[in-house]
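The values are calculated or read from the model by the stated rules, or taken from the named source; none is laboratory data. Everything numeric in this text was worked out from a predicted model, so none of it was measured. All Cβ positions, glycine included, derive from the backbone under ideal geometry; neighbour counts span all protein chains shown.
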Amino acid sequence: MSAVTEASPVTAQDAAPEREWRPPSYWPFVIPALVVVLAVIIFPWVFTIWMSFNEWKVGSPTTFVGLANYLRLPTDPRFVEAVGHTLSYTALSVVLPLVFGTLAAVVFHQKFAARGFLRGIFIMPMMATPVAIALVWTMMFHPQLGVLNYLLSLVGLPPQLWVFNPTTVIPSLVLVETWQWTPLVMLIVLGGLAAIPTEPYESAQIDGANFWQVFRFITLPLIMPFLFIAGMIRMIDAVKSFDIIFAITQGGPGSASETINVYLYSVAFVYYDLGYGSAIAVVFFLLIVALAALLLYMRKRMLWTSELGGGA
Amino acid sequence: MNPRQILGQIGLWLSVLVIVSPAILFFLWMASLSLKFEIDNAAYPPVFFPEHIAWKNYADVFASNRFLTYFTNSLIVTGAATGLAMLVGVPAGYGIARMAAHKSAVVILIARITPGLSYLIPLFLLFQWLGLLGTLVPQIIIHLVVTVPIVIWIMIGYFETTPLELEEAALIDGATRWQVFRHVALPIAKPGLAVALILAVIFSWNNFVFGIVLAGRETRTLPVAVYNMISFDQLSWGPLAAAALIVTAPVLLLTVLAQRQIVAGLTAGAVKGG
């Protein structure tokens, strides 16, 4: 260290300054964050992978079991069921916010009074503390005293059991998820709308296109990249969704709304089966990566076919 | 205005109303629940505006002996986790932007994809081994999983857009890298700092999953405390809703006041914690 600091002034004086001057290294800026990232992100990952190869229960000695934890997964009915719940929950929680978020973005793209303030109100659901809103939704879902059944009765629909019925629990939770995360899709699509040039709209107006035609043939294709990003983010968050599900149903009734993440919690921190829990965590992560890759592939296919169609 | 334009305006305002009403009605109902006595909360058909307002619900929440402890815990955990994240994350965002080390963003991406629970298993063991369970330290450290990627991600974006010429001139004039960062780059990036700070605070404050595993009776943060209230008194809705509103009120206030910064940050990085 000292040799370097003593040597550097000499070379700086000897050589011509404009030839010797080099952009300084920025590593010192990054190193503290690197240490933190290594400690709280990389280390847990490496350790999780190691643990997944071990029989590791709190309070008993650990033994190396190879792939046994992974082989246990497909034969564990609760895990298989949880994968199914996760996929249906995710599919609904991607599609519905995408539809409503796009509609909301089209409206927020117009100019009207107090737009900024109203946008602030609109994004409140996704910024609010999830546990706090889960608590209020739980009260609203209450079959006898809940306000939702009262609202249904106003429009003449029969009362529902919402999260207390195994067949309606996932759609009910998706309702909360959609209410909560439609704003994020809206914001991303709104960013896309702002980037669209005005010329296509002007020529469409001259050609006498109606509102729906303009949306279908001009707006939608141009915001496709943003819808894709929104869909990707939504997928990642919906797969991992935990707070809302855990706070409202804890995976119930029975195990009707137990997603992988909720099951992972039970395995690791109720049964303290940390080795098996780690295997679930690894597979869960790979599932998210696989779903992301699938979306990317679908987008590539779509681009390819639309380009072919355009050329024909 | 001709009739067609008036019709258009009415249509626009109707659609705005439809779009914002789920949010408005929900939070109004939350407030209504928190201000009603049990008789009104158990009434059918539901009562929206009660005859007698139950301010007592709020007084009860504040009077319960542990609530202030949990509030302090939340302040400490969020404050420390955000402060530390800004301390290491802002220079890191600067360094990564200047080195154009875009591959390092992969780590952030992995952090973004990883479910919060999978950090908990190894870190839980580590904290147990270090004898830290029962203090707030584990929660502060694990909240860094949420706050550090947010800060780095947003700061990379901001430093990439700030002009380089000024920094290069200062370097040639003999300023050290640190001086350039401190006196040239940082002042320009102030709006970015605000965005990173606000989002880190909100996502750390809201975090629930880390707390349910790591918090003991004395070290609960507010979201965990509220969750535990659900299981204890299922049937007193007034105080429960009041507690929920108190927990989320700072965040809601911040959202409305700083909606421009929040929107900028979310659309730039589209980050979310945990």
Exercise. In the list B:ALA225, B:ALA215, which residue meets the criterion of being within 30 Å of B:PHE62 (Cα to Cα), crowded, with 21+ Cβ neighbours inside 10 Å and more than 11 Å from every other protein chain (Cβ to nearest Cβ)?
Worked result: B:ALA215
Seminar exercise, completed: Filtering the range A:45-77 down to residues that are more than 12 Å from chain B (Cβ to nearest Cβ) and more than 14 Å from A:ALA279 (Cβ to Cβ) yields A:SER60, A:PRO61, A:THR63, A:PRO77
Problem set entry | Odd one out for B:SER204 among (1) closer than 17 Å to B:SER34 by Cβ; (2) buried (at least 21 other Cβ atoms within 10 Å of the Cβ) | (1)
Seminar exercise, completed: Out of (1) closer than 14 Å to B:ILE246 by Cα; (2) within 14 Å of chain A (Cβ to nearest Cβ), the one B:SER64 does not meet is (2)
For this session: Determine if the range B:48-62 includes at least one residue that is in contact with a Leu (Cβ under 6 Å, 6 or more places away or on another chain) and under 30 Å from B:GLY134 (Cβ atoms).
Result: no
Exercise. When you go through B:TYR119, B:TYR70, B:TYR158 one by one, which is the residue that is facing another protein chain (nearest Cβ under 8 Å) and either on the phi > 0 side of the Ramachandran plot or in a helix (DSSP H, G or I) (or both)?
Worked result: B:TYR119
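Which residue out of A:ALA256, A:ALA279 is surrounded by 24 or more Cβ atoms within 10 Å (Cβ to Cβ), on the phi < 0 side of the Ramachandran plot and touching a helix residue (DSSP H, G or I) at 6+ places or on another chain (Cβ under 9 Å)? Walk me through it before giving the result.
Numbers: A:ALA256 fails: surrounded by 24 or more Cβ atoms within 10 Å (Cβ to Cβ).
Answer to the check: A:ALA279.
Among B:VAL256, B:VAL247, B:VAL251, which is the only one that is within 12 Å of chain A (Cβ to nearest Cβ), closer than 23 Å to B:ALA31 by Cβ, surrounded by 24 or more Cβ atoms within 10 Å (Cβ to Cβ) and under 19 Å from the mean Cα position of the chain (by Cα)? Spell out how you get there, then give the answer.
On the way: B:VAL256 fails: surrounded by 24 or more Cβ atoms within 10 Å (Cβ to Cβ); B:VAL251 fails: surrounded by 24 or more Cβ atoms within 10 Å (Cβ to Cβ).
Result: B:VAL247 is the single residue among B:VAL256, B:VAL247, B:VAL251 that is within 12 Å of chain A (Cβ to nearest Cβ), closer than 23 Å to B:ALA31 by Cβ, surrounded by 24 or more Cβ atoms within 10 Å (Cβ to Cβ) and under 19 Å from the mean Cα position of the chain (by Cα).
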Exercise. Only one of (1) of a type in the set (A, V, I, L, M, F, W, C); (2) surrounded by fewer than 19 Cβ atoms within 10 Å (Cβ to Cβ); (3) within 8 Å of another protein chain (Cβ to nearest Cβ); (4) touching a residue at least 60 places away in the same chain (Cβ under 8 Å) is not met by B:ILE96, so which one is it?
Worked result: (2)
Exercise. Does B:PHE48 satisfy the criteria of being assigned to a loop (DSSP other than H, G, I, E, B), of a type in the set (Phe, Trp, Tyr) and either at pLDDT below 90 or under 27 Å from B:VAL256 (Cα atoms) (or both)?
Worked result: yes
Exercise. What are the residues in the range A:95-115 that are in contact with a Ser or Thr (Cβ under 6 Å, 6 or more places away or on another chain) and either more than 13 Å from chain B (Cβ to nearest Cβ) or within 30 Å of A:GLY254 (Cα to Cα) (or both), if any?
Worked result: A:LEU96, A:PRO97
Exercise. Quick one: would you say B:GLY134 is surrounded by fewer than 20 Cβ atoms within 10 Å (Cβ to Cβ), more than 17 Å from B:PRO91 (Cβ to Cβ), more than 9 Å from chain A (Cβ to nearest Cβ) and without any contact (Cβ under 8 Å) to a residue 40 or more places away in the chain?
Worked result: no
For this session: Could you tell me whether the range B:180-197 includes any residue that is closer than 30 Å to A:ALA194 by Cα, within 9 Å of chain A (Cβ to nearest Cβ) and either buried (at least 16 other Cβ atoms within 10 Å of the Cβ) or at pLDDT 90 or above (or both)?
Result: no
Problem set entry | Sole residue being surrounded by 18 or more Cβ atoms within 10 Å (Cβ to Cβ) and more than 9 Å from chain B (Cβ to nearest Cβ), chosen from A:LEU92, A:LEU118 | A:LEU92
Exercise. Is there a residue in the range A:242-261 that is modelled with pLDDT of 95 or more, farther than 20 Å from B:SER204 by Cα, in a helix (DSSP H, G or I) and more than 8 Å from chain B (Cβ to nearest Cβ)?
Worked result: yes
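Do the conditions hold for A:VAL80, that is, is it among the β-branched types (Val, Ile, Thr) and more than 27 Å from the chain's Cα centre (by Cα)?
Details: among the β-branched types (Val, Ile, Thr): yes; more than 27 Å from the chain's Cα centre (by Cα): no.
No.
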For this session: Would you mind stating whether B:ALA85 is within 13 Å of chain A (Cβ to nearest Cβ), part of a helix (DSSP H, G or I), within 15 Å of the chain's Cα centre (by Cα) and on the phi < 0 side of the Ramachandran plot?
Result: yes
Exercise. Hey, which of the helices (runs of 4 or more DSSP H) in the range B:216-274, taking only ones fully inside, have at least 3 residues that are modelled with pLDDT of 90 or more?
Worked result: B:222-232, B:237-257
Exercise. Restricting attention to the range A:123-132, does a residue exist that is among the small types (Gly, Ala, Ser), free of Cβ contacts under 8 Å to residues at least 40 places away in the same chain and part of a helix (DSSP H, G or I)?
Worked result: yes
Exercise. Tally time: how many residues in the range A:193-216 are free of Cβ contacts under 8 Å to residues at least 40 places away in the same chain, small (Gly, Ala, Ser) and part of a helix (DSSP H, G or I)?
Worked result: 2
Exercise. Any idea how many residues of the range B:17-45 are free of Cβ contacts under 8 Å to residues at least 60 places away in the same chain, at the interface with chain A (Cβ under 8 Å from one of its Cβ atoms), not in a loop (DSSP other than H, G, I, E, B) and not small (Gly, Ala, Ser)?
Worked result: 6
